[in-house]
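Below is one structure, written out as structure tokens; comments come after it.
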């Protein structure tokens, strides 16, 4: 399952979650959420674009004006041009259309160059090397965020075709299975696969309903995660989210598999934003995939969830039956079966 794709060396370990592109018309709310609640560095580029930083890399979140209210692109930072060309070759070999980003797109993302191509659920995937380092000092409420070799965090995506999505990231990035979580919520059985591309426990989580081709989440991602440097930073951001009136999705808790302490806030666009602290780091020499029962050891209690919320999710799931989920079959292959 974890072998390199035929025709080239593995890029595992050379790949890091680098940035996300969010399309929204709620700039004022997002500015308050990202800068004043979560505590990131904020920068307005122009009337239609703004960015958030976590570190010296010029861009970690690019927000562009538009109606999607969703994450529309994921940027993967590659260590060198060799890995970049290896992935570009895979796209050509599998017949996946790709185009070079324009100089304007590269500048907005704070990178020298990028390649864009289709991804599952219509989320454009982008690869780049050599991110631009900002000379401007960070101005943020947090004391820092964990990025570096681990990348900047993770994304969680719900799908009706988990094996195909797993196959896509395995064939593209040599993603390795870390573990599974089985969970039952309101009588519905969920299975979540956690995939890593480096030492971080997971950069991608793939959630699905067992036995039913339903997707109850409106947005393309269910949540994204960033990692606080200190427990105090996590606690202070949690307090600011409450004080500024943003909705909390899940209270503070600890996960069963990566042991991360975290909370989940609801963003102005509707998907969730997890702020975490101190997840375990994978030792490739000893790690073996396993299955955990339940998402949390303790906490992560739903906040403000009502029968109306559950009905809305049911309606979204029912509508997904009539909607064909976007897949990229050239890279997904036949998918990867459960262990």
> How many residues are part of a helix (DSSP H, G or I) and under 11 Å from residue 303 (Cβ atoms) if we restrict to the stretch 227-280?
Replying inline: 2
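Please go through the stretch 160-184 and pick out each residue that is part of a loop (DSSP other than H, G, I, E, B) and surrounded by 22 or more Cβ atoms within 10 Å (Cβ to Cβ). Talk me through it step by step, then tell me what you get.
From the stretch 160-184, those part of a loop (DSSP other than H, G, I, E, B) are 160-161, 174-175; that's our starting set.
Within the stretch 160-184, 174, 175 qualify.
Could you grab me the full set of residues in the stretch 295-308 that are part of a loop (DSSP other than H, G, I, E, B) and loosely packed, with under 14 Cβ neighbours inside 10 Å? Break it down into steps so the answer makes sense when it comes.
Residues of the stretch 295-308 that are part of a loop (DSSP other than H, G, I, E, B), as a first pass: 295, 300-301, 303-306.
Correct list: 301, 304, 305, 306.
Is it the case that some residue within the stretch 132-140 is assigned to a strand (DSSP E or B) and either in contact with a helix residue (DSSP H, G or I) (Cβ under 6 Å, 6 or more places away or on another chain) or within 26 Å of residue 160 (Cβ to Cβ) (or both)?
No, every residue in the stretch 132-140 fails to be assigned to a strand (DSSP E or B) and either in contact with a helix residue (DSSP H, G or I) (Cβ under 6 Å, 6 or more places away or on another chain) or within 26 Å of residue 160 (Cβ to Cβ) (or both).
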>> Please determine whether any residue of the stretch 100-109 is in contact with a strand residue (DSSP E or B) (Cβ under 7 Å, 6 or more places away or on another chain), more than 30 Å from residue 236 (Cα to Cα) and assigned to a loop (DSSP other than H, G, I, E, B).
In response: yes
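Within the stretch 203-210, is there a residue that is part of a loop (DSSP other than H, G, I, E, B) and in contact (Cβ under 8 Å) with a residue 40 or more places away in the chain?
Let us first name the residues in the stretch 203-210 that are part of a loop (DSSP other than H, G, I, E, B), namely 203, 210.
Among the residues that remain, those that are also in contact (Cβ under 8 Å) with a residue 40 or more places away in the chain are: 203.
Checking the stretch 203-210: at least one residue is part of a loop (DSSP other than H, G, I, E, B) and in contact (Cβ under 8 Å) with a residue 40 or more places away in the chain.
Here are some residues: 267, 219. Which one is within 29 Å of residue 326 (Cα to Cα), under 15 Å from the mean Cα position of the chain (by Cα), surrounded by 21 or more Cβ atoms within 10 Å (Cβ to Cβ) and not assigned by TED's automatic domain parsing to the domain that holds residue 120? Explain how you work it out, then say what you get.
Details: 219 fails: surrounded by 21 or more Cβ atoms within 10 Å (Cβ to Cβ).
Among 267, 219, only 267 is within 29 Å of residue 326 (Cα to Cα), under 15 Å from the mean Cα position of the chain (by Cα), surrounded by 21 or more Cβ atoms within 10 Å (Cβ to Cβ) and not assigned by TED's automatic domain parsing to the domain that holds residue 120.
Quick one: which residue in 52, 33, 12 is more than 14 Å from residue 128 (Cα to Cα), assigned to a strand (DSSP E or B) and within 20 Å of the chain's Cα centre (by Cα)?
Values: 33 fails: assigned to a strand (DSSP E or B); 12 fails: assigned to a strand (DSSP E or B).
Every option except 52 fails the conditions.
The values are calculated or read from the model by the stated rules, or taken from the named source; none is laboratory data. Quick caveat, the model's predicted, so the values are computed rather than measured. Glycine gets a Cβ as well: all are built from the backbone with ideal geometry, and neighbour counts include every protein chain shown.
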